1. Using r as the Cβ-Cβ distance of residue 20 and residue 234, and R0 as 45 Å, what FRET efficiency do you calculate, to the nearest 0.05?
2. Could you work out how far the C-alpha centroid of segment 70-108 sits from that of segment 145-191, in angstrom?
3. Do you know the relative contact order of the chain, to the nearest whole percent, from alpha carbon pairs under 8 angstrom that are 6+ apart?
4. With a ≥ b ≥ c taken as the square roots of the eigenvalues of the C-alpha gyration tensor of segment 199-270, please select rounded if a/c is under 1.5 and otherwise prolate if a/b is larger than b/c or oblate if it is not?
5. Going by a ≥ b ≥ c, the root eigenvalues of the Cα gyration tensor, does the chain fall in the rounded group (a/c under 1.5), the prolate group (a/b larger than b/c) or the oblate group?
6. Give the relative contact order (percent, whole number) for segment 69-165; include only Cα pairs under 8 Å separated by 6+ residues.
7. Rounded if a/c is under 1.5, else prolate if a/b is larger than b/c, else oblate: which is segment 1-155, with a ≥ b ≥ c the root eigenvalues of its Cα gyration tensor?
8. If neighbour count is taken as other Cβ atoms inside 10 Å, put 245, 142, 1 in order from fewest to most.
Ligand code: SAH
């Protein structure tokens, strides 16, 4: 079989990295979750580790050839604790049939995600999963190093991606992975991310994302400029809010923390 780059097929071939993921997941699974979803099972190298750690493993694989291979693993040894869905992981989103199928497979019990995810769909996938109604307890994902760093960025280098991930979850890089740990070797290094969904503030989520999207609409411009042109309101209006919040009026969107965005949202939608 020839790896399909359109499906982000870079298979993890380093035992050392696979063992490190296994150890990390074991120690992060503080609530002794018994159910895991793996996205993009590939040849099942990571799946085998997950089968050591969990009572039930659900694999979602889009490639029909790899799906057949994963089903073989299921039927030869793990029929009672593993299942494989031939599906597109992007179809897991709030209130979708696939969210419901996962929920049914686990009888509505707690679960988590662990995956070396296809890089072409990273940000969309992570956003979909963080917004789920049937919330995972935690997520451990291998992603491109740059994306991991952007997701975990601190005020000063925030982006819409870090704001949207950190709004939903505490985000942390567990360790970096050299590109030569994969076959075929990708162009860039990777990192293993830990996302822990957190309690959401009592604000309207749509308003929150409206404010942050408008705030980031033009990266080169000051935040006050973006807000004033996005909300069609005079700068004076935002100057007052900024001064109430103790924000400098020259501040840029990338300087705000999640708490600042939440407070800004409260102030705009009083
Ligand atoms: N977990 C394996 C494979 C990683 S490669 C390993 O660590 O070696 C990424 C995997 O995701 C491939 O198996 C690819 O076929 C699958 N994939 C790609 N896009 C997908 C999608 N949209 N939904 C589900 N699986 C997908």
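Taken together, the values in this text are just the output of simple stated rules run on the coordinates, not laboratory data. What you are looking at is a predicted structure, and each value in this text was computed from that prediction instead of being measured. FYI the Cβ positions are ideal-geometry reconstructions off the backbone, even for glycines, and counts take in every protein chain you see.
1. Numbers: r = 54 Å, r/R0 = 1.19.
Plugging the Cβ-Cβ distance into 1/(1 + (r/R0)^6) gives 0.25.
2. Here the two parts' Cα centres lie 26 Å apart.
3. Values: 443 pairs, mean separation 43.3, N = 270.
Relative contact order of the chain: 16 percent.
4. On the way: a/c = 1.44, a/b = 1.35, b/c = 1.07.
Here segment 199-270 falls in the rounded category.
5. On the way: a/c = 2.44, a/b = 1.97, b/c = 1.24.
Cα axes put the chain in the prolate bin.
6. On the way: 80 pairs, mean separation 24.2, N = 97.
Relative CO of segment 69-165 lands at 25 percent.
7. Numbers: a/c = 1.20, a/b = 1.08, b/c = 1.11.
Rounded shape, in that the Cα axes give a/c under 1.5.
8. 1, 245, 142
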